[in-house]
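Student: Next up is a structure, given as structure tokens.
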Amino acid sequence: MNFLQLSGKNILVVGVANRKSVAWLTAKLLLDAGANVLFSVRSEERVATVRTLAPDAPVFICDVEHQDQINRLQQQVYAQVTTLHGIVHSVAYADYSAGWLPFHETPRAAFLQALDVSCFSLVALANAFKDLLDPE
């Protein structure tokens, strides 16, 4: 069944943390639909996790907080595929280095970092991949 019409489509999934993460459950759905899924994760530890879940899929390391790593990711993905049909952005971050604080006590720097990683990274990824994205 190909009701999603994703068979053979190249999809970059960003943010798999473990087998219970939304990113992995989405990737599994894409894989089951026949999509060619490429993964981007933050660390070597996450690479190992993805390799156990999807052993044949390409996995790249990219900390989306750093534009140079996003640029490198774009080059690595382009070396694998010449067109992307979609990006799944499933990245969330919060700084708990000061412990669990009430929301109204969140330090400005921690709040801005969380926004940068969790939200602006989608804009940065979209800009980096705009020339690879299929317009249809």
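The values are calculated or read from the model by the stated rules, or taken from the named source; none is laboratory data. If you're wondering where the values come from, they're calculated on a predicted model, not measured in any experiment. Methodologically, a virtual Cβ is constructed for each residue, glycine included, from the backbone with ideal geometry; neighbour enumeration extends over all protein chains shown.
Residues checked against (1) among the hydrophobic types (A, V, I, L, M, F, W, C); (2) surrounded by 10 or more Cβ atoms within 10 Å (Cβ to Cβ); (3) modelled with pLDDT of 90 or more:
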| residue | (1), (2), (3) |
| --- | --- |
| ALA98 | yes, yes, no |
| PHE103 | yes, no, no |
| CYS119 | yes, yes, yes |
| LEU122 | yes, yes, yes |
| ALA128 | yes, yes, yes |
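Student: Another question about this same structure. How many of the residues making up segment 102-136 are among the acidic types (Asp, Glu) and in a helix (DSSP H, G or I)?
Tutor: Total satisfying the criteria: 2.
Student: I would also like to ask the following. Out of segment 1-25, which residues are farther than 28 Å from GLU45 by Cβ and either in contact (Cβ under 8 Å) with a residue 60 or more places away in the chain or of a type in the set (Val, Ile, Thr) (or both)?
Tutor: Once the filter is applied, which keeps residues that are farther than 28 Å from GLU45 by Cβ and either in contact (Cβ under 8 Å) with a residue 60 or more places away in the chain or of a type in the set (Val, Ile, Thr) (or both), segment 1-25 yields LEU6, LYS9.
Each row is one residue, and each column tells you yes or no for (1) within 19 Å of LEU133 (Cβ to Cβ); (2) at pLDDT 95 or above; (3) among the small types (Gly, Ala, Ser).
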position: MET1; (1), (2), (3): no, no, no
position: LYS9; (1), (2), (3): yes, yes, no
position: VAL16; (1), (2), (3): no, yes, no
position: VAL22; (1), (2), (3): no, yes, no
position: THR26; (1), (2), (3): yes, yes, no
position: SER43; (1), (2), (3): no, yes, yes
position: ALA54; (1), (2), (3): no, yes, yes
position: ASP68; (1), (2), (3): no, yes, no
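Student: Now for a different question. Scan (1) free of Cβ contacts under 8 Å to residues at least 40 places away in the same chain; (2) touching a helix residue (DSSP H, G or I) at 6+ places or on another chain (Cβ under 9 Å); (3) of a type in the set (Asp, Glu) for the single condition GLU105 breaks and write down its number.
Tutor: (2)
Student: Has segment 70-80 got at least one residue that is under 28 Å from ASP131 (Cα atoms), of a type in the set (D, E, K, R) and surrounded by fewer than 19 Cβ atoms within 10 Å (Cβ to Cβ)?
Tutor: Within segment 70-80, one or more residues are under 28 Å from ASP131 (Cα atoms), of a type in the set (D, E, K, R) and surrounded by fewer than 19 Cβ atoms within 10 Å (Cβ to Cβ).
Student: Which residues, taken from segment 1-29, are surrounded by fewer than 19 Cβ atoms within 10 Å (Cβ to Cβ) and assigned to a helix (DSSP H, G or I)?
Tutor: Residues satisfying the conditions are VAL22, LEU25, THR26, LYS28, LEU29.
Student: Looking only at segment 74-110, filter to residues that are β-branched (Val, Ile, Thr) and under 15 Å from the mean Cα position of the chain (by Cα); which one of those is farthest from VAL123 (Cα to Cα)?
Tutor: VAL77
Student: What pairs can you find where one residue is in segment 41-68 and without any contact (Cβ under 8 Å) to a residue 40 or more places away in the chain and within 23 Å of ASP116 (Cβ to Cβ), the other is β-branched (Val, Ile, Thr) and in a loop (DSSP other than H, G, I, E, B), and their Cβ atoms are less than 7 Å apart, with a gap of 6+ or different chains?
Tutor: VAL41/VAL16; ARG46/VAL16
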